[in-house]
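To start, the structure itself, in structure tokens.
The values are calculated or read from the model by the stated rules, or taken from the named source; none is laboratory data. None of the values given here were measured: they were computed from a predicted structure. Quick reminder, even Gly has a Cβ in these numbers, built from the backbone with ideal geometry, and neighbours come from all protein chains shown. SASA here: full protein model, heavy atoms, side chains in, ligands and nucleic acids out. Shrake-Rupley method; radii C 1.70, N 1.55, O 1.52, S 1.80 Å.
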Amino acid sequence: MKDLVCIITGANSLTGIGRAAVYAFAKKNARVIYATDIFDEHLVSLAEDVFKTTGVECIPKRMDASSDDDIQDVISEALKKFGRLDVYFANAGIAGAHPMKTETKDEFLNMMRVNSWSVYAAIKYASEAMEKTSEEKPVSSGSIIATASVAGVRSGGGPMSYSASKAAVINLCQSAAWRLRGKNIRVNAICPGLITTEMTEKVLAAMKGNEDMEYSLKTASALQRFGNPEEIAAMAAFLAGPEASFITGQDIKVDGGITASLPYVPLFADN
């Protein structure tokens, strides 16, 4: 990822995919990484540690990933300072328990705003910046990556509003890949399974003491374990760089095999 100017959203959580992605990008020698989040209490220490351990410049920025103005401000700064934008990882998102019977219209629309509009706006503004050329960057190019979910691929992976918002992310990436055809700007979605992050703490905490629930969730994956943020970050770093130059419009599942099968019934599956 040498010479690539990158923006990552949702990077504040100490156990999140965004933070892991900052380190993954830095280990691939990105030119500079903007680590952003609407919460910023851990961003400065993240940036300092990234520079200390990898030598890569990391710029902490408070940014609402669903705000047009905030997105444009960070992109404009990147263009002004470095003359280019190459990678935008739209990772920020929210979850939560929203039962159909009690969820309000405002709660539903907020889920769509944070999880789906943030990706639409990222594609809209980042792609425009990625088209800009210079002597250093003679042709249009870039990689836009969004964090979707297996919940957006199949029902049963989360509340209805969350699943709908992540299904929208997948379709946005597929549609954008074709809207940007011929511009050498790739757009892909990553669909994680159950990953051990701050966002899934409530789910994992609810399982403690309930061996049946824990067994059920673990065995839903062919690998029979939960994923780690670093495993999603590794896919993001791959999609960001030149090794993934022929991959666009895809929803790539990093889920331990959850979406590879219908509910597994050994009596039938092994015969």
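Observations, loosely collected:
- Just one residue in the set Glu41, Glu48 is under 26 Å from Thr200 (Cβ atoms) and open to solvent by 50 Å² or more (accessible area, probe 1.4 Å); that residue is Glu41.
- Pairs with Cβ under 9 Å, 6+ apart, first in region 179-191 and at pLDDT below 95, second in a loop (DSSP other than H, G, I, E, B) and open to solvent by less than 10 Å² (accessible area, probe 1.4 Å): none
- Neighbours by Cβ (under 8 Å, 6+ apart or cross-chain): first from region 150-165, under 18 Å from Ile252 (Cβ atoms) and open to solvent by 30 Å² or more (accessible area, probe 1.4 Å); second in a loop (DSSP other than H, G, I, E, B) and among the small types (Gly, Ala, Ser): Gly157/Ser149
- For region 17-28, the set of residues classified as open to solvent by less than 10 Å² (accessible area, probe 1.4 Å) and of a type outside the set (Val, Ile, Thr) consists of Gly18, Ala21, Phe25, Ala26, listed by residue number.
- In region 57-77, the count of residues that are over 16 Å from Ala126 (Cβ atoms) and touching a Pro at 6+ places or on another chain (Cβ under 8 Å) is zero.
- Residue ID - nearest to Ser13 (Cα to Cα), chosen from residues in region 180-196 that are of a type in the set (Val, Ile, Thr) and open to solvent by less than 20 Å² (accessible area, probe 1.4 Å): Ile195
- Residues that are touching an Asp or Glu at 6+ places or on another chain (Cβ under 9 Å) and open to solvent by 50 Å² or more (accessible area, probe 1.4 Å), drawn from region 61-96: Lys61, Arg62
- Filter result for Ala11 (open to solvent by less than 40 Å² (accessible area, probe 1.4 Å) and either in contact (Cβ under 8 Å) with a residue 60 or more places away in the chain or over 23 Å from Glu231 (Cβ atoms) (or both)): yes
- Filter pass, Ala97 being more than 19 Å from the chain's Cα centre (by Cα), aliphatic (A, V, I, L, M) and in a loop (DSSP other than H, G, I, E, B): yes
- Per-region count, region 166-178, residues free of Cβ contacts under 8 Å to residues at least 24 places away in the same chain and crowded, with 19+ Cβ neighbours inside 10 Å: 1
- Within region 47-72, tally of residues that are part of a helix (DSSP H, G or I), farther than 19 Å from Ile144 by Cα, in contact with a strand residue (DSSP E or B) (Cβ under 9 Å, 6 or more places away or on another chain) and in contact (Cβ under 8 Å) with a residue 24 or more places away in the chain: 1
- Residue match in region 244-254 (condition: at pLDDT 90 or above, of a type in the set (Phe, Trp, Tyr) and surrounded by fewer than 16 Cβ atoms within 10 Å (Cβ to Cβ)): yes
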